[in-house]
Structure formats: C-alpha cells, structure tokens
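The values are calculated or read from the model by the stated rules, or taken from the named source; none is laboratory data. Everything numeric here is computed off the predicted structure, so don't read it as measured data. Neighbour counts are summed over all protein chains in view; Cβ atoms, including those assigned to glycine, are modelled from backbone coordinates with ideal geometry. Just the protein is used for accessible areas: all its heavy atoms, side chains included, with ligands, DNA and RNA removed. Shrake-Rupley method; radii C 1.70, N 1.55, O 1.52, S 1.80 Å.
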Amino acid sequence: MEVFERLFTETLHGHNNDFQSMIDFISGKNGKRIRPLILLLSAKLCGEPNEKSVDYAVMLELLHTATLIHDDVVDNTLERRGQLSVNAKYDNRVAVLLGDYILAMAITKAILSQNFAVLDIISRLSQNLAEGELAQLISSKELVFNEERYFNVIWKKTAFLLSSCSEMGAISVNASPENREKLRLIGENLGMCFQIKDDIFDYFDQGNIGKPTGNDIREGKITLPLIYALKTAPKSDSDRILALIKNRNHSPETIQQLTDFAKENKGIEYAYSKMQEIKENILALLSDFPDSDAKISLIGLSDYIIEREN
C-alpha cells in the first residue's frame, strides 16, 4: 500500500502547470483506499503482489477518481468526505474536463500494460459505470424502483468496480482461471455490501459520513431500505409515502417522514440481512483458498465494510 500511495501521487504530478493545482486538490482527498486494498490482497491470496499489481491498483484508482468527480457534477454534490467537491471548488466545466483528463490517464495506463485481459476489464468497467449512473437517473425521473432494478444499478455502479479490482489482482500474479473467477465474485460481493451500507447511511444523521441525511432521497434515489418498506408496509401507508415521493417535495419534514417510514417498516434490518447473506457468499468463496494472512484480511475487510461508521 505504501508503494501504491507513492506511485499514485507520482502519477498525479508533473502535469501542465495551468491545472496542476486542480489535480493537487484531488490528490489531497484520500479515501479509504478500499479498491487498491482489495486488489493487493487478491494478488497476495494467489501469489506475491508485484509491480503489475501496484500499477493495476493505480489504474483503477484513477478511473474511480474520475467517476467520483463526474458523479458529483451529476448529483450537484458540494461536499465529499466533509470537504468541497471539485465542482464546488471550481465549477462544473472544470470538474467534467478534469474528470475526463484523469480518465484518459487511466486508459493510457491500461494500454501501456499491453495486457488484453486488463484492457477488456477496463473497457467493460467504464461502460458499466456509465450505464449504472444513467439507469439510476432514469429510475429517479420515472420513479421506477424495485429490488431487481436496485441491485442491477448497484452491480454496475459499485460491484463491477470492486470485482475488477479483485480480478485484476489475480491477473497480476498469473492466478489460475478458477481462482481468477472466484476472486472476481468475491470482489463483486464486497461491492454489493459496500453500496448497501453506503445507502443505509442516508437514513441516519450525518455524523462522520460526509454527506447529508436524505441526500439520496432528495436526488430521487430510492434505495433498498425504502424499497423494502414500500413493498411490505400496509397499502394505505405505502400509498401515502408514494404520494410524497411523487410530489418531489424534499423538505426536511418530508425527508424525515420517508426515513422514519423505512425504519419503522424494518427496511434497515432487511438491508443488513441482505449484506449478511452476501457475506456468506464471500466466506464460502474464500473457504476454497488455503489459510493465510491475506485470507484473514479479506474476511476482516468484509466485516469492516458491513460494520463501518462512515
């Protein structure tokens, strides 16, 4: 991870002086580094992380950074992790172009890898990330929300990214096709848990989360806790909440009613139960690998993703 941090920082430096300060602003926004951690642990599960492992981790973190910048423009998000977003610091034009520039850096790295499997994953990942955001926008505009649609969106938005991390970790150490597929599925399941937990945060006070309570609901994103509550609550209650959603009244009082409704009708408990089901899939897949520090760490990472507080 130290080598990754050094290479990632070096990659973001030495650009045109006109906008290096903008890139510096981005490089100071370190997140949890879940993606490189998954990639490097996946590599270690099947061999020994190497230069390729780190290079692939940087590539995917660049792509992820670009999509976050674009997402903040789409969602008109002014803060990320308690700090100004790029579009808030500068403007939407700068944010879009800067996101494009960083995406181009990731694609260039993928080409320089001269590995067709890596290029294939990166190209499919870019497409799925865009499709996931578009599908979510369409759902919010047309008020289409059901569990199948929800899981399809988060698979494209988050799960495919983490599955790309774990699969590319396996590729970097020449893992067998069987282990590569198992790791792809482990990453996919970790991604599903990660997004469900992120969505749960929206139903509680802001705290250390880095985004305001009810932010998803304000943007028309109806996530798993509310979807479940709408499906299982008495029809009269569901109809009342549906009317509030359709009116697109995003006052604090309305947001409170929607979050309370999800909680009162066991939506949060249901979301946690889905994460536990998915975690069982992760443990089953990991059971095929010999005991090791990397295996213990991946199990610990699945616990962290479910139990984290921000």
Margin query: Given (1) surrounded by 15 or more Cβ atoms within 10 Å (Cβ to Cβ); (2) part of a helix (DSSP H, G or I); (3) modelled with pLDDT under 95; (4) of a type in the set (A, V, I, L, M, F, W, C), identify the lone condition not met by ALA159.
Written below: (3)
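Could you pull out the residue among LEU190, LEU183 that is buried (at least 24 other Cβ atoms within 10 Å of the Cβ), farther than 19 Å from GLY267 by Cβ, touching an Asp or Glu at 6+ places or on another chain (Cβ under 7 Å) and at pLDDT 95 or above? Spell out the reasoning first.
Values: LEU190 fails: touching an Asp or Glu at 6+ places or on another chain (Cβ under 7 Å).
Unique residue meeting the criteria: LEU183.
Please find, within the stretch 124-136, the residue that is nearest to VAL173 (Cα to Cα) out of those that are of a type in the set (A, V, I, L, M) and open to solvent by less than 70 Å² (accessible area, probe 1.4 Å). Write out each step before concluding.
Going through the stretch 124-136, the residues of a type in the set (A, V, I, L, M) turn out to be 125, 129-130, 134-135.
Filter once more, so that each one left must be open to solvent by less than 70 Å² (accessible area, probe 1.4 Å): 125, 129-130, 135.
Values: LEU125: 21, LEU129: 26, ALA130: 29, ALA135: 35 Å.
Only one residue fits best here, namely LEU125.
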Notebook entry, point to check: If CYS165 satisfies every condition in (1) under 29 Å from PRO290 (Cβ atoms); (2) in a helix (DSSP H, G or I); (3) more than 20 Å from the chain's Cα centre (by Cα) but one, which is the exception?
Noted result: (3)
Check: Going by the structure shown, is ALA229 of a type in the set (Gly, Ala, Ser) and surrounded by 12 or more Cβ atoms within 10 Å (Cβ to Cβ)?
Finding: yes
Check: Hey, among the residues in the stretch 250-301 that are more than 24 Å from LYS235 (Cα to Cα) and among the acidic types (Asp, Glu), which one's modelled with the lowest pLDDT?
Finding: ASP288
Margin query: Could you go through the stretch 5-28 and let me know if any residue there is under 25 Å from GLU219 (Cα atoms), charged (D, E, K, R) and open to solvent by less than 70 Å² (accessible area, probe 1.4 Å).
Written below: no
Item checked: Selection count, the stretch 193-208, where residues are buried (at least 18 other Cβ atoms within 10 Å of the Cβ) and not in a helix (DSSP H, G or I) -> 2
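Got a number for residues in the stretch 40-74 being charged (D, E, K, R), touching a residue at least 24 places away in the same chain (Cβ under 8 Å) and part of a helix (DSSP H, G or I)? Walk me through how you get there before you give the answer.
The initial filter retains those residues of the stretch 40-74 that are charged (D, E, K, R), namely 44, 48, 51-52, 55, 61, 71-72.
Keeping just the survivors that are touching a residue at least 24 places away in the same chain (Cβ under 8 Å) gives 44, 48, 52, 55, 61, 71.
Add one more test, that the residue is part of a helix (DSSP H, G or I), and what stays is 44, 52, 55, 61, 71.
Number satisfying all stated conditions: 5.
Here's the yes/no breakdown for (1) surrounded by 14 or more Cβ atoms within 10 Å (Cβ to Cβ); (2) β-branched (Val, Ile, Thr); (3) touching a strand residue (DSSP E or B) at 6+ places or on another chain (Cβ under 9 Å):
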position	(1), (2), (3)
VAL86	yes, yes, yes
ARG93	no, no, no
LEU98	yes, no, no
ILE102	yes, yes, no
ALA110	yes, no, no
SER113	yes, no, no
ILE122	yes, yes, no
Item checked: Residue that is surrounded by the fewest Cβ atoms within 10 Å (Cβ to Cβ), among those in the stretch 52-71 that are under 14 Å from SER164 (Cα atoms) and under 13 Å from the mean Cα position of the chain (by Cα) -> HIS64
Next item on the list: Kindly provide the set of residues from the stretch 253-310 that are in contact with a Leu (Cβ under 7 Å, 6 or more places away or on another chain) and open to solvent by 60 Å² or more (accessible area, probe 1.4 Å), ordered by number.
Entry: GLN257
